[in-house]
Amino acid sequence: MIATVVGVGLIGGSLAISLKEKGVANWIIGVDNNRDNLAKAQELKIIDESSALEDALQRSQLIILAIPVDAMLKAMPSILDKVMPHHVIMDVGSTKEKLLQLVAGHPKRGRFVAAHPMAGTEYSGPEAAVRNLFVQKTMVLCDVKNSDEDALELIESLVEKLSMRLVYMNAEEHDLHTAYVSHISHITSFALALTVLEKEKEQGRIFELASGGFESTVRLAKSSPDMWVPIFRHNRSNVLDVLDEHIHQLQQMRDLLEQEDYDAFYKLIQKSNKIRKILK
């Protein structure tokens, strides 16, 4: 099978590698607005060739859209317009509700499977693509009742070959839950980085003490704003909801510390330790 990956960065590039290695596709066409990305992806043998989208559509069965959600919203209707009965379109975007509302009435909606691999790193670009990024990670498929049976079967088979766990959700559930487990982690990391960078101006030796704990907490602040600002924009209401709760928890801790109520602070930390039952 020939597969086209639109967007050859971290997720698209990693998928391209895995599709080839797991035998899902025997030829990968790369499409990207950034010519340097395409050249680097070909140099790294992530893709077999680069092409314009029109040509790639004519030659491929599977088309994976791994571009920022803003670009996805602009591109998806025109891509669906050109889709043929043998095509399967899959996106890997981090928000789903607006995208699926956009294509809801399209006559070729059934050829599209909305997917989100819960995997990634803080790095971007073709150089960031890695083997086995998706092994034992979760793939969320959204609103599958609106996808054609054969299109869904192809993507489910792909997920199985990538050794991923499969979860089904509707778009609203997906956007809410990703706000809590992914989007808040990134916005908190951005805020922590800004906090430390601001304080570092006053206390110039802060980073001499930075070690594993700090690095693991703030590493997501290295993530690209080109990717994350569109995510925050399109999942704004859910991100605001979880951010309000996060600010409430921080304020509660600040108040207890100010009041020197260490028994209550102890109980709060003890309560937070219940996360061990979820994250083992």
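Looking only at segment 19-31, residues that are open to solvent by less than 10 Å² (accessible area, probe 1.4 Å) and either in contact with a helix residue (DSSP H, G or I) (Cβ under 7 Å, 6 or more places away or on another chain) or of a type in the set (Ser, Thr, Tyr) (or both) come to 4 in all.
Segment 1-65 holds helices (runs of 4 or more DSSP H) entirely within its bounds, and those carrying 2 or more residues that are among the basic types (Lys, Arg) map to 35-43. Restrict the check to segment 78-100 and report whether at least one residue is hydroxyl-bearing (Ser, Thr, Tyr), in a strand (DSSP E or B) and surrounded by fewer than 24 Cβ atoms within 10 Å (Cβ to Cβ). Within segment 78-100, not a single residue is hydroxyl-bearing (Ser, Thr, Tyr), in a strand (DSSP E or B) and surrounded by fewer than 24 Cβ atoms within 10 Å (Cβ to Cβ). Filtering segment 54-61 for residues that are more than 17 Å from Ser124 (Cα to Cα), crowded, with 20+ Cβ neighbours inside 10 Å and touching a Lys or Arg at 6+ places or on another chain (Cβ under 6 Å) leaves a non-empty set.
You will find that of Val5, Val31, Val69, the residue that is at pLDDT below 95 and either hydrophobic (A, V, I, L, M, F, W, C) or touching a strand residue (DSSP E or B) at 6+ places or on another chain (Cβ under 7 Å) (or both) is Val69 and no other.
Here Val167 fits the description: surrounded by 15 or more Cβ atoms within 10 Å (Cβ to Cβ) and either in contact with a strand residue (DSSP E or B) (Cβ under 8 Å, 6 or more places away or on another chain) or free of Cβ contacts under 8 Å to residues at least 12 places away in the same chain (or both). Within segment 69-86, residues that are in contact (Cβ under 8 Å) with a residue 60 or more places away in the chain have Cβ atoms under 9 Å from residues that are in a helix (DSSP H, G or I) and among the β-branched types (Val, Ile, Thr) in these pairs: Val69/Ile231; Asp70/Val229, counting only partners at least 6 apart in sequence or on another chain.
The values are calculated or read from the model by the stated rules, or taken from the named source; none is laboratory data. Quick caveat: nothing in here was measured; it's all calculated off a predicted structure. Reconstructed Cβ throughout: ideal geometry from the backbone, glycine too, with neighbour counts over all protein chains shown. In case anyone asks, the SASA skips ligands and DNA or RNA and just uses the protein heavy atoms, side chains included. Shrake-Rupley method; radii C 1.70, N 1.55, O 1.52, S 1.80 Å.
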